[in-house]
Every structure is written in structure tokens, then in C-alpha cells.
Amino acid sequence: QVQLVESGGGLVQPGGSLRLSCAASGNIFSIYGMGWYRQAPGKQREWVTTISSGGSTNYADSVKGRFTISRDNVKNTVYLQMNSLKPEDTAVYYCNADLISPIDWARRDYWGQGTQVTVSS
């Protein structure tokens, strides 16, 4: 089994900051890209940011300059530092990992259960 467990969501005022974490555990051989997606009420899930195993990053235009993704390859953990939060950042944030598990030696995407981020005064 492979598990991705997110933490760090919550309620924050506009302009505030939050830091999300996502730890991958279980039968993992190798992790490639890791990233974050989000889904706001009534909207489709959208990509936010990804980081490669080597540390290369990409961001959606809507969060560029405000969000920072990082990862600890020893701990199999990815982080999302969110600054200058806006009400439109309100969503459930999902962690994603592209990895190989020795369960079947297939490379596929795994997802966390999601963590709620609410930006409101």
C-alpha cells in the first residue's frame, strides 16, 4: 500500500500564510514528480504546482510569486508554502505523487485525501 497524507490546512485571513505538508509512505520504490492540485466548490480540480525529483518547479500563473513548493526526498515529503493568500485560493488542496511501488512495479499517480484551505475575513 502507498499512502499520501496531507496536513496544515485551515482558516486564514486574506493576506495570511499557511504551510501544507504531504508525506508519502508505504511500499515505495522511487518517487518522481510531486505536486499540488486544488478544487474549489463547484469547479474542476486544477493544477497548482509541481516539483521534480531534482528540484525543478513549475507554478500556475494564479499562484506564481505567492506559493512555494519544496520537497524532502529523505522524508518523501512535499511542502507548499502559501503566502499573500486570497479568498479565491479557498479550495480543497490535494497532494499528488508520481511514483513506482514494488507492489506491481507500475509507475502511476497517487493522491492524498485532501486538506481544506479557507481564506476569509
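Points to keep in mind about this one:
A quick yes/no check of all residues on (1) in contact with an Asp or Glu (Cβ under 6 Å, 6 or more places away or on another chain); (2) polar (S, T, N, Q); (3) within 17 Å of Thr115 (Cβ to Cβ); (4) in contact (Cβ under 8 Å) with a residue 40 or more places away in the chain:
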| position | (1), (2), (3), (4) |
| --- | --- |
| Met34 | no, no, yes, yes |
| Tyr37 | no, no, yes, yes |
| Arg45 | no, no, yes, yes |
| Ile51 | no, no, no, no |
| Thr57 | no, yes, no, no |
| Asp61 | no, no, no, no |
| Asp72 | no, no, no, no |
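- Tally of residues being open to solvent by less than 60 Å² (accessible area, probe 1.4 Å), among the aliphatic types (A, V, I, L, M) and within 17 Å of Asp89 (Cα to Cα) across the stretch 6-34: 3
- Given (1) under 22 Å from Ile100 (Cβ atoms); (2) assigned to a strand (DSSP E or B), number of the condition Gly55 does not satisfy: (2)
- Only one entry in Thr68, Thr57 is surrounded by 15 or more Cβ atoms within 10 Å (Cβ to Cβ), over 10 Å from the mean Cα position of the chain (by Cα) and β-branched (Val, Ile, Thr), namely Thr68.
- Test: Tyr37 is closer than 18 Å to Asp109 by Cα, under 10 Å from the mean Cα position of the chain (by Cα) and open to solvent by 40 Å² or more (accessible area, probe 1.4 Å): yes
- In summary, Glu46 fulfils each of the numbered conditions (1) surrounded by fewer than 13 Cβ atoms within 10 Å (Cβ to Cβ); (2) among the acidic types (Asp, Glu); (3) closer than 18 Å to Val2 by Cα; (4) in contact with a strand residue (DSSP E or B) (Cβ under 7 Å, 6 or more places away or on another chain) with the single exception of condition (3).
The values are calculated or read from the model by the stated rules, or taken from the named source; none is laboratory data. These numbers come from a predicted model, not from an experiment. Heads up, the Cβs are rebuilt from the backbone with ideal geometry, glycines too, and the neighbour counts pull from every protein chain shown. Accessible surface is based on the protein model in full, side chains and every heavy atom, while ligands, DNA and RNA are left aside. Shrake-Rupley method; radii C 1.70, N 1.55, O 1.52, S 1.80 Å.
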